[in-house]
1. Report the normalised scattering of the stretch 2-163 as log10 I(q)/I(0) at q = 0.12, 0.16 Å⁻¹, calculated by the Debye formula with identical scatterers on the alpha carbons.
2. What is the helix-to-structure angle for 86-102, meaning the angle in degrees between its Cα long axis and the longest Cα principal axis of the chain, kept from 0 to 90 and rounded to the nearest 10?
3. Would you mind telling me the antiparallel percentage of the DSSP bridges in the chain, rounded to 5?
4. Mind ranking 380-387, 321-328, 4-11 by how tightly packed they are, going by the mean number of other C-beta atoms within 10 angstrom, highest first?
5. How tilted is helix 170-194 with respect to the longest principal axis of the chain? Cα atoms for both, answer in degrees (0 to 90, nearest 10).
6. If the cut-off is 15 Å between C-alpha atoms, which aspartates and glutamates fall inside it for residue 304, apart from same-chain ones fewer than 8 positions away?
7. At 7 Å along the Cα-to-beta-carbon direction for both residue 2 and residue 385, put a label point, then send me their distance in nm to one decimal.
8. I need to check one value: relative contact order of the stretch 2-163, counting alpha carbon pairs closer than 8 Å and at least 6 residues apart, in percent.
Amino acid sequence: MEFTIKTGSPAKLKTGLLVLGAFAGGRLPALTAAVDGAAEGRIAALIKRGDLDDKAGATLLMPELAGTHAERVLLVSLGKEDEFSDKAYRDALAAAAKALAASAAKDAVLTLADVELAGRSQAWRLQQAARLLADGAYRFDALKSDKDRKDKKHRGVKKLAMLVSTELSAELDTAVLRGHAVATGMALAKDLGNLPGNICTPTHLAETAEALGKQYKFDVEVLERADMEKLGMGSLLSVARGSHQPPKFIVMEYKGGKAKAKPIVLVGKGITFDTGGISLKPAAEMDEMKYDMCGAASVLGTFKAIAQMGLPINVVGLIPTTENMPGGAATKPGDVVTSMSGQTIEVLNTDAEGRLILCDALTYAERFKPECVIDIATLTGACVVALGKIPSGLLANDDELAAEILKRGTESGDRAWQLPLWDEYQELLKSNFADMGNIGGRYAGTITAACFLARFTKAYKWAHLDIAGTAWVSGDAKGATGRPVPLLSEFLIGRTHGSSS
Ligand code: BES
Ligand code: MN
Ligand code: ZN
């Protein structure tokens, strides 16, 4: 989708589709009121007789509206004015996005970003609008037969103008570019997540990283099994033993900042399919374990977003990636492995494999002398039980870093919620035969998983995002969400100093 920002009179604009907001109870935002004036009160009349539902995100499509130069007009409810919030605004944007994606119109004008929202700047509103509208146009039909693809290909708005009544500025342009870049990063993360395990292998992730590095001119290095052996990554390699696919360790370095500025390191779990290994998972919904590389996908997506924005910051991306398969050579429950840090691990359950690949990546991260490290992983089913599918789980060894991530989550609408990482939980990981076990028993599964990782992150400030509940949705709308690319992007934007809130 192509974006522009415009000022001017909405009733006079020639467009395929004009999107207008309206509050429940009838007050019309300025740009909607202007159109209503030109249309002799038709909009107010339709609302009065109840044609537009009160709920934020409800829509009413008018095939034409006398007094305007738009071929169609879409009215979107903003909900009650005194309840207008980030959520109501996003609900309205998402509804507009849905209508735009299905429309026969080729171009559209959106006025929603002009509506005042408490505590949110015009730049913030534009960034959100660009992101949600671009993201709403996302489709995954790469694996459908040609006919099916062609039927859908031509629909949907391709050019979108954001109409505002404030003066145009470079700041507003940047906001739209950022929103668009984040959506582009999300689209990559979604594509990789949605691709099945037979296509999205560790090799495919490595090739994707290499192609991205070439396109945006950042360094990418892919370590092979022999390299990992030399580094002593025995924990990571123990997970790869049952698979016929070669494991990879992807290292990406984006250098947008000063040469001496310490990098922020992002580490993404890249299990391209998690069968559980010898501790085999049950069959129901096992297909969803193709999403077990969504942490890796979010790192790649965030790299795409920041490279497209040209953010002045140094970021390192680390992706340990392998399948977790049963097989004659697979690691068995009770096996003891030695991690790169030298600490030994008793693998009591081969399905707790995420932490086994992450711990070696977290040790590898030390060589970058990081400003901080954030790992992103579909790590525990327990996280979905605890928090559902709304926020990502957040655990950290530094409360300031955690607070910053929580804040960027709220700003981006891609939220996280913190769980405790107290030392008292550490004893649940004790092993009779090694330095630690890889599972902590029935209770507090998300916390004990993070406690395991904490043993490998003592050299730096670190936060862990458990995205088991947020990386994809199940059911009829099954698909990757692209989360937490918005949160990570906003975090990195914030570090450069100019967040858009
Ligand atoms: N990839 C899974 C976590 C997961 C499960 C994410 C379901 C989303 C939905 C992870 O590798 C795993 O299997 N974790 C185990 C850990 C347990 C064996 C301690 C789990 O959560 O059951
Ligand atoms: Mn597992
Ligand atoms: Zn897993």
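1. Result of the Debye calculation: -0.49, -0.85.
2. With both axes taken from Cα atoms, the answer is about 80 degrees.
3. The answer is about 40 percent antiparallel.
4. Numbers: 380-387: 19.1, 321-328: 22.2, 4-11: 15.8.
In decreasing order of mean packing, 380-387, 321-328, 4-11 become 321-328, 380-387, 4-11.
5. Roughly 50 degrees, rounded to the nearest 10.
6. The reachable aspartates and glutamates, counting only those whose Cα sits under 15 Å from residue 304, are 135, 191, 207, 210, 219, 253, 490.
7. Label-label distance for residue 2 and residue 385, simple model: 5.2 nm.
8. Numbers: 307 pairs, mean separation 48.0, N = 162.
Rounded, it is 30 percent for the stretch 2-163.
The values are calculated or read from the model by the stated rules, or taken from the named source; none is laboratory data. These numbers come from a predicted model, not from an experiment. Neighbour counts are summed over all protein chains in view; Cβ atoms, including those assigned to glycine, are modelled from backbone coordinates with ideal geometry. Areas reflect the complete protein model, heavy atoms only, side chains present, ligands, DNA and RNA absent. Shrake-Rupley method; radii C 1.70, N 1.55, O 1.52, S 1.80 Å.
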